[in-house]
Structure formats: structure tokens, C-alpha cells
Amino acid sequence: MKQKIIGLVFIFSTLLKADQFAFLLYNDFFAGTDKHFTSGVAFSWLDDTYKLQEDASRYAPLAKKLPFGNSLENCTAGLSIHQIIITPSDTDLQTPQYDDMPYTSYLGISAYLFKWSKQSFHEYRVEAGVVGDEAGGEAVQNNFHKIIGSKKSEGWDTQLATQYTLTLLYKYGEISWQKKSLNGLDMDWFNQAGFEAGNFSTDVFGSSMFRIGKNYIQNFNVHYPYLKEEAALLKRDTKHKGFGWAASVGVNMDILAYSYILQEAKDEGYDLDKNTLNASVYAGIDLYYNVHRFTFFYQSQSPYSKQQNSLDTFGGFSYSFAF
């Protein structure tokens, strides 16, 4: 596992001349809980922008072969590495808790390509991942608990077995409305929809986000509950100058056809049945200064299993930097 992490770090170390870099952290510690979807972290890189209609552009030949969006102006691509960690509510027990979520973690690396203009984008993503011990969830969670002074999670010996996965994702997003008010505040309304298919997860999703603020970066106000928010790095205007801020609220809906984690847990004897329809609400604050963007947010998520009778709430932050 250590060698794999070193290899992933090396990949990103070769990309330091990238156009944009981002870090994203979800953790229910910020909401005062420690259960179910308990942590998520992502490191993302997005290359510079190229003109879609120029054959000499780095990504144009591939982008033109993909469906949809060939009338748009720009194309770019990038990579991300992300991890999620899931635990039951009681982390003191060392035995399997068949009436709750299993211990499990997922580590994935994604390559994505965008075709986009100032008002809309198409995203195409391929993701390879691993579930189980090789995903490193035990080490990450217990080291984080050590830092914040929490107890060690005792049940990682019961985590789901190793499984390699491959997932494809397509997403379309557009700014449906925007306005600058008389008192200098900017507002916009962003919507997106898409699907992913693979042996880790298969689902259809959509979300809607409203934003209000002043002198904020004119980007796509993307929120996606599974650490795949790189469309927010697409720059729709010239380089941002000075301090700015924005407040956002939104909702995400998901129709879940298949989840490897839920299905594998059920096959191993866990009393879990997936909820087909899921929803989450989001509230966040963005702070901007020149090429820097900081986001602080909270999210409340409906249960993914019918046996769970309470919402999962967590908070987090993200940071992005334009080179």
C-alpha cells in the first residue's frame, strides 16, 4: 500500500506546472459525528485550456470523437485521486455489525475531459479504483483520529474484501440564469445532470445550486456528493483580482441502481437494502483572493439503506489555486 501511495504522489509531483490544483476534504468530525460516510478526500489537477476547433490543441482530437458539445469553444483535461471511508455508528466493537454499515474504504484515480464554453460544459470521466484493505482507510482514519484526539476505530479487521473497480461518468452542466443587482451583488443559478456506470456504482443524478456574492470567480458552481467537483476549476472569465465572497445553497438528487458496497455487504450477511432515491442539501461559503479560492460547507445526506433511520451530516472545506 505504501508503494502505491508513493506512486500516486509521484504522479501529482510531475504536474506542478498545471493550470489549477485543488484539495477537497469531507469529514463528519465537523458535524460532531463519526459514522457511515465518515470521510472523503480528493486531490485534483486541471490542465490549461485549449481551443476545441484547433486540431493542434492537445485534447481536441480526442474531444471531437466524444459525443455532444462539439459546438463549444474550449477543451481541457485533468486527473484526480480521491478516497472515501465508511464505518458503522459504533466504532468500539471489533466484530461485524450486521445491522449497520460495514467498514470499508475506496481509493480511486480519475481521468476527465471537458468540452465547455462560458455557459455550459460536458464532462467525460473514467475512474479506476479499489475497495478494501488496499484503499488505505484504516491507516487514514486512525491517524486522523490520533491527530484530533478521538478513539481508534476497532473494527477494521471486518472490512469488505479487496475488489478492483472501473466506472464511467458523463455529466452536463449549465448556468441557467445570472444577474448583477443594483447594489453590486452577483447572482447565478447552476444546474447539472448526468450518470455513472460501472462495477462500483451505477446511478443517475442531478443537482441545482443558487449563489449570491460579490467579486467571486465566474466559474461553474458545481456540487457533487462524491468528490468529483473539478468542473468548478473551469475559468469562465479573466484572472480574478482582489477579495471576493459568495454564499451557495443547493440540492442533489440521485437514483441509485447499483452500489458495490451495499450489494457486497448484503451478500456477506449485512441487513442492508439500498434506497433507490436519495437526496442531499448543501450550504457553503466561498472566499476568493486573486488566484486562491477557499470553500467551507455543510451537507446533510438522506440514508442510502432502508435500515438507516437518520440523516448523515458532515462538513468540509476545499482549496484551489490557479498557477
Next on the checklist: Among the residues of segment 257-267, are any under 17 Å from the mean Cα position of the chain (by Cα), in contact (Cβ under 8 Å) with a residue 12 or more places away in the chain and within 22 Å of Phe23 (Cα to Cα)?
Outcome noted: no
Checklist entry - When you scan segment 257-266, how many residues do you find that are in a strand (DSSP E or B) and either under 22 Å from Gln97 (Cβ atoms) or among the aromatic types (Phe, Trp, Tyr) (or both)? => result 2
Checklist entry - For segment 212-251, what are the residues that are touching an Asp or Glu at 6+ places or on another chain (Cβ under 6 Å) and either of a type in the set (S, T, N, Q) or without any contact (Cβ under 8 Å) to a residue 40 or more places away in the chain (or both)? => result Gln218
Item to check | Odd one out for Gly269, checked against (1) on the phi < 0 side of the Ramachandran plot; (2) not in a helix (DSSP H, G or I) | outcome: (1)
Checklist entry - How about segment 49-64: which of its residues are surrounded by 14 or more Cβ atoms within 10 Å (Cβ to Cβ), touching a strand residue (DSSP E or B) at 6+ places or on another chain (Cβ under 7 Å) and either within 15 Å of Asp19 (Cα to Cα) or free of Cβ contacts under 8 Å to residues at least 60 places away in the same chain (or both)? => result Thr49, Tyr50, Ser57, Arg58, Tyr59, Ala60, Ala63
Item to check | Enumeration of residues in segment 241-281 that are crowded, with 16+ Cβ neighbours inside 10 Å and among the basic types (Lys, Arg) | outcome: Lys266, Lys274
Checklist entry - Among the residues of segment 150-191, which ones are exposed (fewer than 12 other Cβ atoms within 10 Å of the Cβ), at pLDDT below 95 and farther than 30 Å from Ala265 by Cβ? => result Lys179, Lys180, Ser181, Leu182, Asn183, Gly184
Checklist entry - Just to be sure, is Gly206 touching a strand residue (DSSP E or B) at 6+ places or on another chain (Cβ under 8 Å), crowded, with 19+ Cβ neighbours inside 10 Å and either part of a strand (DSSP E or B) or in contact (Cβ under 8 Å) with a residue 60 or more places away in the chain (or both)? => result no
Checklist outcome for this item: Out of (1) at pLDDT below 95; (2) part of a strand (DSSP E or B); (3) under 14 Å from the mean Cα position of the chain (by Cα), the one Gly244 does not meet is (3)
Checklist outcome for this item: Note on Ser181: of the conditions (1) more than 20 Å from Phe210 (Cβ to Cβ); (2) of a type outside the set (Asp, Glu); (3) over 21 Å from the mean Cα position of the chain (by Cα), unmet is (1)
Checklist outcome for this item: Within segment 110-119, of all residues that are within 19 Å of the chain's Cα centre (by Cα) and surrounded by fewer than 21 Cβ atoms within 10 Å (Cβ to Cβ), the one nearest to Arg58 (Cα to Cα) is Leu113
Checklist outcome for this item: For segment 260-279 the number of residues that are among the hydrophobic types (A, V, I, L, M, F, W, C) and touching a helix residue (DSSP H, G or I) at 6+ places or on another chain (Cβ under 9 Å) is 1
Item to check | Boolean, Phe43 is on the phi < 0 side of the Ramachandran plot, at pLDDT 90 or above and not aliphatic (A, V, I, L, M) | outcome: yes
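The values are calculated or read from the model by the stated rules, or taken from the named source; none is laboratory data. Since the structure is predicted, the reported quantities are computational estimates derived from the model, not experimental observations. No Cβ is skipped: glycine too gets one built from the backbone with ideal geometry, and neighbour counts run over all protein chains shown.
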